[in-house]
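What follows is a single structure, written as structure tokens, with notes after it.
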Amino acid sequence: MTNFDTIIIGAGFSGLYQLYRCRDDLNLKTLVIEEGADLGGTWYWNTYPGARCDSESHTYGYTFSENIYKNWTWNEKYPKQSTILKYLNYVEKKLNLRKNILFNHKIISAKYLERKNLWQIKTNKKKVLFCKYLICAVGSLSAANIPKIKGLNTYKGKYYHTGKWPKKKVNLKNQVVAQIGTGSSGIQVAPEIAKVVKKLVIFQRTPNYSIPARNKKLTREFIINFKKDYEKIKKILKKTPGGHTFSFPNRSVFDFNNKERNKIFEKAWSKGSLAFRACFSDITKNIKANETASNFIKEKILKIVKDEEVAKILTNFDHPFTSKRPTLNTNYYETFNKKNVQLVDLKSNPIIKITKKGIKTKNKDFNFDKIIFATGYDALTGPLLSLNLVGKNQTKLKDYWSKIPKSYLGLMIPKFPNLFIIQGPGSPSVLTNVPVQIEQHVEWITHCISFIELNKKRSIEASLSSAKNWSNEIKKLADASLFMKAKSSWYKGDNIPGKPKVFIPYPGGLPRYRNICNKVEKNQYKEFLIK
């Protein structure tokens, strides 16, 4: 069977829910194609030591089904990778989704055939499939980025990327290991591998602000309450800018003196979680207000890290707190007090090349048994560009997005009919508690396809003018925010050579975004070209 109504690429959070909606609600012949050997998306690939979610567990899941929500029990404040995988398998069994998933197939091209109004999909196993609707559920953070460092191909040891960690156990016991990168994954992996290695040398490009996670087992009382409060939690998640259960209070940093302010910061620091940024209403908006939070975190790090020189490198910030992805940690800063851990500042001592035996920096030659790249992703656009999408008039997405990732709402692209994106560039995506954004996108796409089918239309695509206006709107919001104060950030493509340097996600918050999407649906998709 090669012809389908809908093909979905990716079997993570978004692909699974979209399959359920297309197959069961719209009664469409649907197939999911997944590169991995099993479902899970980002949680299938990211199996590195310490991999854990930084949204609180009772908010990190589907809310479309009360039954699914109430019959699953989270046992920790922040779920680890293996638990999230178990959760997704639980959902799959409840909805019987596996029978519609094709595993171990990587998409090598997807081309729109105008006369037939079909997408032609080719996989690495020489499968050719056709569909009317193509839905990309490939995730925002799935195209692992290993920087092109001279000499990597000559290195005789083994190297790994945190985002494509081997399924077989990696033996690091008594080894001398390099870790390049200190973003979200680097901050999680370092404390774990420091426990087993003989020596860990961490190469830091840019220091990151990180708040303690304060992970803990959930009490029976907490579990009973969050299940009981299903409707309430569902409503809160839709109301807050990032799709979390915390909201920003109506108080400014400047309503308090230094002592009072620090008391509020201290309480939030002791509690842990991403809610630290919501101590006051203006931390994420006003640079002077932000400085108070940035300085508080800096002081904390200087107190934790015993070696003054190391502490100085870890607090040499060149950006405001929250202008880059905020991270949570468990004993990250404490790790630098261990005798077997060394920090190398790449600003003053850059990597020259990778050698047969290790890494050569400006000032030193290091020998390593293994190298770990915690160097992030070609975020948001990378996973889509790797599909080799070709739209109308032979338009290649790689060319079409060479200057800016044009889309409308991050959901559809001009010249690419019947192609939908979940969590694409131009949507809130990575700035949110992702499952909340995913549900909103899947539901919008489902309603849109239903509209096309009911009205017996051939195709829908974003108009050029709506995409242009949307890019302008994102730029306007980003320019007015603190995001653009970060010298280098993957939010604006700085980590990938040759990538357009524009702010990629929509920074206006989920409620505002949801309202725009709802209005478009209510107006029967006037901003789109429908044939």
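Quick one: angle between helix 464-479 and the longest Cα principal axis of the chain, in degrees between 0 and 90, rounded to 10, please.
Result, in degrees: 20.
Given 285/306; 99/457; 94/522; 148/501, which pairs have Cα atoms separated by over 22 Å?
285/306; 99/457; 94/522, as the Cα separations exceed 22 Å there.
In this model, which of 271/338; 106/127; 298/324; 125/169 are farther than 18 Å apart at the alpha-carbon?
Over 18 Å apart, Cα to Cα: 271/338; 125/169.
According to the square roots a ≥ b ≥ c of the eigenvalues of the Cα gyration tensor, what is the shape class of segment 127-249, taking rounded for a/c under 1.5, prolate for a/b larger than b/c otherwise, and oblate for the remainder?
It comes out oblate by the Cα gyration axes.
For segment 391-454 and segment 331-367, what is the separation of their C-alpha centers, rounded to whole Å?
When both Cα centres are located, 41 Å separates them.
So if I take the alpha carbon set of the chain, get Rg, then get Rh from the Kirkwood formula, what is the Rg over Rh ratio?
Ratio of gyration radius to Kirkwood radius: 0.96.
Which entries of 77/239; 132/396; 303/370 show an alpha-carbon separation above 23 angstrom in the structure shown?
303/370
Based solely on its DSSP helices, what 222 nm [θ] is calculated for the chain when runs of n ≥ 4 H residues each add -39,500 (n - 2.57) and the sum is averaged over all residues, nearest 500 deg cm²/dmol?
-9000 deg cm²/dmol
For residue 357, go through the aspartates and glutamates and keep the ones whose alpha-carbon is under 12 Å away, minus same-chain ones fewer than eight residues off.
By straight Cα distance, residue 357 reaches 365, 369.
Measure out, as a whole number of angstrom, how far apart the alpha-carbon centroids of segment 302-322 and segment 468-531 sit.
About 32 Å separates the Cα centre of segment 302-322 from the one of segment 468-531.
Cα axis of helix 434-454 to longest principal axis of the chain: angle in degrees, 0 to 90, nearest 10?
For helix 434-454, the angle is close to 10 degrees.
Round to a whole number: what % of the accessible area of segment 283-433 belongs to carbon and sulfur, probe 1.4 Å?
Using a 1.4 Å probe with all protein chains present, segment 283-433 comes out at 48 percent carbon and sulfur.
What whole number of Å gives the distance from the Cα centroid of segment 68-93 to the Cα centroid of segment 211-267?
21 Å
Using Cα-Cα distances under 8 Å and only pairs 6 or more residues apart, what relative contact order does segment 354-510 have, in percent?
23 percent
Suppose all protein chains stay in the model; what accessible area per residue would a 1.4 Å probe give for segment 32-168, in Å²?
Here the per-residue accessible area is 45 Å².
Count the DSSP beta bridges whose two residues both fall in the chain, then state the antiparallel fraction as a percent rounded to the nearest 5.
Taking every DSSP beta bridge within the chain, about 40 percent pair in antiparallel fashion.
Relative contact order of segment 190-328: what whole-number percent is it, with Cα pairs under 8 angstrom and at least 6 residues apart?
In percent, rounded to a whole number, it is 32.
From the square roots a ≥ b ≥ c of the eigenvalues of the alpha-carbon gyration tensor of segment 270-416, which class results: rounded (a/c under 1.5), prolate (a/b over b/c), or oblate?
oblate
Round to the nearest 10 and give me the degree value, 0 to 90, for the angle of helix 230-239's Cα axis relative to the longest principal axis of the chain.
Taking the Cα atoms of the chain, the angle to 230-239 is about 90 degrees.
I need the calculated FRET efficiency for the pair residue 64 and residue 299, taking r as the beta carbon distance and R₀ as 51 Å, to the nearest 0.05.
It comes to 0.75.
Could you work out the relative contact order of the chain? I mean the mean sequence separation of Cα pairs under 8 Å and 6+ apart, divided by the number of residues, in percent.
With pairs under 8 Å counted, the relative contact order is 19 percent.
Given +1 on the Cβ of Lys and Arg, -1 on the Cβ of Asp and Glu, and no further charges, what dipole in debye does segment 373-472 carry about its Cα centre, rounded to the nearest 20?
500 debye
So how exposed is residue 34, as accessible area in Å² (1.4 Å probe, rounded to 10)?
10 Å²
The values are calculated or read from the model by the stated rules, or taken from the named source; none is laboratory data. These figures come from a predicted structure and were not determined experimentally. Cβ: placed from backbone, ideal geometry, glycine included. Neighbour counts: every protein chain shown. Heads up: the accessible areas ignore ligands, DNA and RNA and are worked out on the full protein's heavy atoms, side chains in. Shrake-Rupley method; radii C 1.70, N 1.55, O 1.52, S 1.80 Å.
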